[in-house]
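The values are calculated or read from the model by the stated rules, or taken from the named source; none is laboratory data. In this text the structure is predicted, and so the values were computed from the model without any measurement. Note that we place each Cβ from the backbone using ideal geometry, even for glycine, and neighbour counts take in every protein chain shown.
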Ligand code: ADP
Ligand code: MG
């Protein structure tokens, strides 16, 4: 089966004054379509950096990233914006809704870039996805007229509205109380099962991890282990080889 995301020997370094921070160190992984994947690791381990690379909102310092087997590493900013507008939905820890827009307008927002959709097409999608997240009767509410859980539901509808192959969620439950966080996870899982959308989310909460069926554990910018879980069974974990144990990089 082909991968929806493939990452080959990716590193990402940040320059902080005269210091180099290695946020990701030689990451290699492949993600199958349709999985509900958790990326877990302590604060500062590189989760956000990895999601930003998969989401094509950041470039690797070295290595290659493939989305649907298309190498995105050398694409222009404009090509990447088009790819995001068709293939990738984002959900953030702090919801990131536009405060002056209603729930419906927030969901519509990423569709405005899509010149192939008419206003009526956009309206249909907004209605459809607000209904999926259970917020049809809140369409005209602004974010400050919604609870945290409802705001994150709007963000989920906004992510789904582009009908993406992949939804990326960076600690989507971190700003929610436990019960609401679990509700949001269940909703994401239901959408994953019914629409087949691949979900990739980061978390450091074991309760959240246990809703996933794939797991990548990262520490200090490196993958420590991969996990797979079949329905009604426990995690089967495989330790990742350390970068030093792998063959040397090909030079291109
Ligand atoms: P996580 O999301 O797991 O908390 P991050 O991906 O945000 O981790 O950060 C990984 C490492 O990279 C941290 O050491 C962080 O300080 C550093 N880092 C992240 N973004 C930047 C940046 N823009 N400039 C400098 N260092 C950064
Ligand atoms: Mg983070």
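For region 72-106, what are the residues that are exposed (fewer than 13 other Cβ atoms within 10 Å of the Cβ) and at pLDDT 95 or above?
Once the filter is applied, which keeps residues that are exposed (fewer than 13 other Cβ atoms within 10 Å of the Cβ) and at pLDDT 95 or above, region 72-106 yields 98, 99, 100.
I want to confirm something. Restricting to region 167-179 and keeping residues that are in a strand (DSSP E or B) and over 16 Å from residue 194 (Cβ atoms), which single residue is nearest to ligand 1 (Cβ to nearest atom)?
Within region 167-179, the subset in a strand (DSSP E or B) is 167-170.
The next check asks that each one be over 16 Å from residue 194 (Cβ atoms); those that pass are 168-170.
Numbers: 168: 12, 169: 12, 170: 7 Å.
It comes out as 170.
Looking only at residues in region 7-35 that are more than 30 Å from residue 186 (Cα to Cα) and outside any strand (DSSP E or B), which one is farthest from ligand 1 (Cβ to nearest atom)?
Across region 7-35, the extreme among qualifying residues is 18.
Residue by residue, here is whether (1) under 17 Å from residue 229 (Cβ atoms); (2) within 16 Å of ligand 2 (Cβ to nearest atom); (3) over 17 Å from the mean Cα position of the chain (by Cα); (4) loosely packed, with under 15 Cβ neighbours inside 10 Å holds:
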position	(1), (2), (3), (4)
19	no, no, yes, yes
23	no, yes, yes, no
35	yes, no, no, no
44	no, yes, yes, yes
51	no, yes, no, no
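Matching residues to (1) over 25 Å from residue 37 (Cβ atoms); (2) away from ligand 2 (no atom under 16 Å from the Cβ):
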| residue | (1), (2) |
| --- | --- |
| 55 | no, no |
| 107 | no, yes |
| 136 | yes, yes |
| 146 | yes, yes |
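Write out, first by first residue and then by second, each pair whose Cβ atoms fall under 6 Å of each other, whose residues are 6+ apart or on separate chains, and whose first residue, in region 92-114, is within 11 Å of residue 159 (Cα to Cα) while the second is more than 16 Å from ligand 1 (Cβ to nearest atom) and assigned to a loop (DSSP other than H, G, I, E, B).
Final answer for the pair search is 106/97; 106/98; 110/162; 111/117.
Go through region 193-243 and tell me which strands (runs of 3 or more DSSP E), entirely inside it, have 2 or more residues that are in contact with a helix residue (DSSP H, G or I) (Cβ under 9 Å, 6 or more places away or on another chain). Can you show your working first?
Values: elements: 198-203, 214-219, 222-228, 236-239.
The qualifying strands (runs of 3 or more DSSP E) are 198-203, 214-219, 222-228.
Collect the residues in region 36-66 that are more than 8 Å from ligand 1 (Cβ to nearest atom) and within 15 Å of residue 22 (Cα to Cα), keeping them in residue-number order.
53, 58, 59, 60, 61, 62, 63
Of the conditions (1) without any contact (Cβ under 8 Å) to a residue 60 or more places away in the chain; (2) over 19 Å from residue 165 (Cα atoms); (3) surrounded by fewer than 18 Cβ atoms within 10 Å (Cβ to Cβ), residue 57 satisfies every one except a single condition; which number is it?
Result: residue 57 passes all but (2).
What are the pairs, 6+ residues apart or on separate chains, where a residue within region 169-198 that is farther than 14 Å from residue 211 by Cα has its Cβ under 6 Å from a residue that is within 16 Å of ligand 2 (Cβ to nearest atom) and assigned to a helix (DSSP H, G or I)?
Within 6 Å, the pairs are 170/48; 170/51.
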